[in-house]
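Worksheet for the structure shown next.
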Amino acid sequence: MKVLVTGSAGHLGEALVRSLRQRGEQVEGLDILASPCTTRQGSLTDRTFVRRCLQGVARVYHAATLHKPHVATHSRQDFIDSNITGTLNLLEEAVVAGVGAFVFTSTTSVFGDALVPPAGEPAAWITEEVAPVPKNIYGVTKAAAEDLCQLFHRRFGLPVVVLRTSRFFPEPDDSPAMRESYADANVKANEFLARRVDIEDAVMAHLLAAERARALGFGRYIVSATTPFGLDDLSELRRDAAAVVRRLVPAYEKLYAERGWRMFPVIDRVYVNAKARADLGWRPAYDFARVVSDLSTGRPLGSELTREVGIKGYHAESFAGGPYPVE
């Protein structure tokens with residue numbers, strides 16, 4: 001069975017290609033950039049190229065995108081061309097080619113302004129029922145692409161699963177204040193409480209989504225590490241997140257102190273993966289409990305796949321003020 005992975009030169013695309021090849025799948029990797037995981041170099045805006053790439057393909061993993069790091073360096077039209085027109089071309093040609101499963105990599109960024117509650121309010125409990133309020137062109141185009149996916153299921157019966165992934169990139173945080181206040185590993189360890197997923201777990205969610213797409217028909221799912229928090233913790237998370245974590249995962253405090261690490265003073269949103277676990281049978285291996293376990297035994301944080309894919313950067317040039325310019 002031949003499968004197509006778009007964005008094969010990117011973090012998730014490469015991770016998908018590596019994992020699918022290890023499973024013995026015949027994989028075509030599509031990207032505008034050359035890479036060891038790219039077999040088809042070209043643009044999704046080129047309909048003829050897309051049609052050729054989809055010949056004989058049974059499953060599509062659509063991970064290609066312009067995303068947040070490009071908002072300040074690319075035009076809004078670039079985002080529409082890549083994220084909306086490119087997705088439309090892929091969907092239309094997938095229908096013609098008789099593709100049996102289409103998995104679209106979306107983002108928790110579609111929630112936008114819904115992620116940060118007003119001052120004095122509890123932390124936001126983010127499930128699939130929360131209405132997106134995109135705050136930039138990235139979120140707008142990803143939300144529109146999600147809706148195109150749903151339209152193609154309804155209109156043509158294409159089995160489509162949309163996965164709203166949280167942070168999995170290994171690059172440093174884009175916030176100068178965050179980089180100055182916390183070690184990079186400290187930031188990422190903290191994020192596993194509420195807004196990060198290991199790339200190996202993200203890959204597994206995609207593989208399960210493709211396997212279950214036909215039975216599901218259409219679905220949207222949040223893909224983030226399993227949080228230890230519950231609804232009763234949300235108010236305190238906005239006042240004293242460390243106290244909540246100390247109560248739920250007490251072993252973390254000593255391990256953090258040994259490294260000079262700190263917990264975030266507040267946590268303003270919690271991504272909830274319950275629906276993905278229930279419908280996809282997804283069991284993410286990496287969460288904050290795993291972080292604490294790995295710290296206690298001296299193991300590196302995160303999966304081997306995360307380290308194999310590594311830091312890629314988002315631009316050909318480098319920037320003095322951070323990993324990428326922020327709008």
Original post:
When the stretch 180-228 is examined, which residues are found to be part of a loop (DSSP other than H, G, I, E, B) and of a type outside the set (Val, Ile, Thr)?
Top reply: Tyr182, Ala183, Phe192, Leu193, Ala194, Arg195, Asp198, Gly217, Ser224, Ala225, Pro228
Subject >> Flag for Glu121 being assigned to a loop (DSSP other than H, G, I, E, B), without any contact (Cβ under 8 Å) to a residue 24 or more places away in the chain, of a type in the set (D, E, K, R) and more than 30 Å from Lys2 (Cβ to Cβ) >> reply: no
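From the list Leu158, Leu234, pick out the single residue that is surrounded by 15 or more Cβ atoms within 10 Å (Cβ to Cβ) and part of a helix (DSSP H, G or I).
Details: Leu158 fails: part of a helix (DSSP H, G or I).
Testing whether each residue is surrounded by 15 or more Cβ atoms within 10 Å (Cβ to Cβ) and part of a helix (DSSP H, G or I) leaves just Leu234.
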Original post:
Quick check: anything in the stretch 200-216 free of Cβ contacts under 8 Å to residues at least 60 places away in the same chain, among the charged types (D, E, K, R) and loosely packed, with under 14 Cβ neighbours inside 10 Å?
Top reply: no
Original post:
If you scan the stretch 58-80, which residues turn out to be among the charged types (D, E, K, R), within 18 Å of Ala9 (Cβ to Cβ) and crowded, with 17+ Cβ neighbours inside 10 Å?
Top reply: Lys68
Original post:
Where in the stretch 1-71 are the strands (runs of 3 or more DSSP E), entirely inside, with at least 2 residues that are closer than 26 Å to Arg212 by Cα and among the β-branched types (Val, Ile, Thr)?
Top reply: 2-6, 57-62
**OP:** For the stretch 225-241, indicate whether the set of residues that are farther than 20 Å from Leu115 by Cβ and touching a residue at least 40 places away in the same chain (Cβ under 8 Å) is non-empty.
**Re:** no
**OP:** Those residues that are free of Cβ contacts under 8 Å to residues at least 24 places away in the same chain and among the acidic types (Asp, Glu), I need them from the stretch 124-144; list them, please.
**Re:** Glu129
Original post:
Would you say Leu255 is in contact with a Leu (Cβ under 9 Å, 6 or more places away or on another chain), surrounded by fewer than 18 Cβ atoms within 10 Å (Cβ to Cβ) and part of a loop (DSSP other than H, G, I, E, B)?
Top reply: no
Original post:
Is it the case that the stretch 84-101 has a residue that's assigned to a loop (DSSP other than H, G, I, E, B), under 18 Å from Tyr221 (Cβ atoms) and either in contact with a strand residue (DSSP E or B) (Cβ under 9 Å, 6 or more places away or on another chain) or without any contact (Cβ under 8 Å) to a residue 12 or more places away in the chain (or both)?
Top reply: no
Original post:
Mind checking which pairs have a first residue in the stretch 287-304 that is buried (at least 21 other Cβ atoms within 10 Å of the Cβ) and in a loop (DSSP other than H, G, I, E, B) and a second that is of a type in the set (Gly, Ala, Ser) and modelled with pLDDT of 95 or more, Cβ under 9 Å, 6 or more apart or different chains?
Top reply: Asp287/Ala225
**OP:** Quick one: in the stretch 33-44, of everything that is exposed (fewer than 15 other Cβ atoms within 10 Å of the Cβ) and touching a residue at least 24 places away in the same chain (Cβ under 8 Å), which residue is nearest to Lys135 (Cα to Cα)?
**Re:** Leu33
Subject >> Number of the exception - Val197 against (1) among the hydrophobic types (A, V, I, L, M, F, W, C); (2) in contact with a Pro (Cβ under 7 Å, 6 or more places away or on another chain); (3) farther than 19 Å from Glu128 by Cα; (4) buried (at least 22 other Cβ atoms within 10 Å of the Cβ) >> reply: (3)
Original post:
Does any residue in the stretch 159-170 that is in contact (Cβ under 8 Å) with a residue 60 or more places away in the chain come within less than 9 Å, Cβ to Cβ, of a residue that is charged (D, E, K, R) and assigned to a strand (DSSP E or B) six or more places away or on a different chain, and which pairs are these?
Top reply: Val161/Arg220; Leu163/Arg220; Ser166/Arg196; Phe168/Arg196
Subject >> Counted residues, the stretch 132-174 - those being among the basic types (Lys, Arg) and either out of contact with any strand residue (DSSP E or B) (no Cβ under 7 Å at 6 or more places or on another chain) or farther than 30 Å from Ala185 by Cα (or both) >> reply: 2
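The values are calculated or read from the model by the stated rules, or taken from the named source; none is laboratory data. Nothing here was measured: the structure is a model prediction, and the numbers come from that model. Cβ coordinates were reconstructed from backbone atoms using ideal geometry, including for glycine residues, and neighbour counts include every protein chain displayed.
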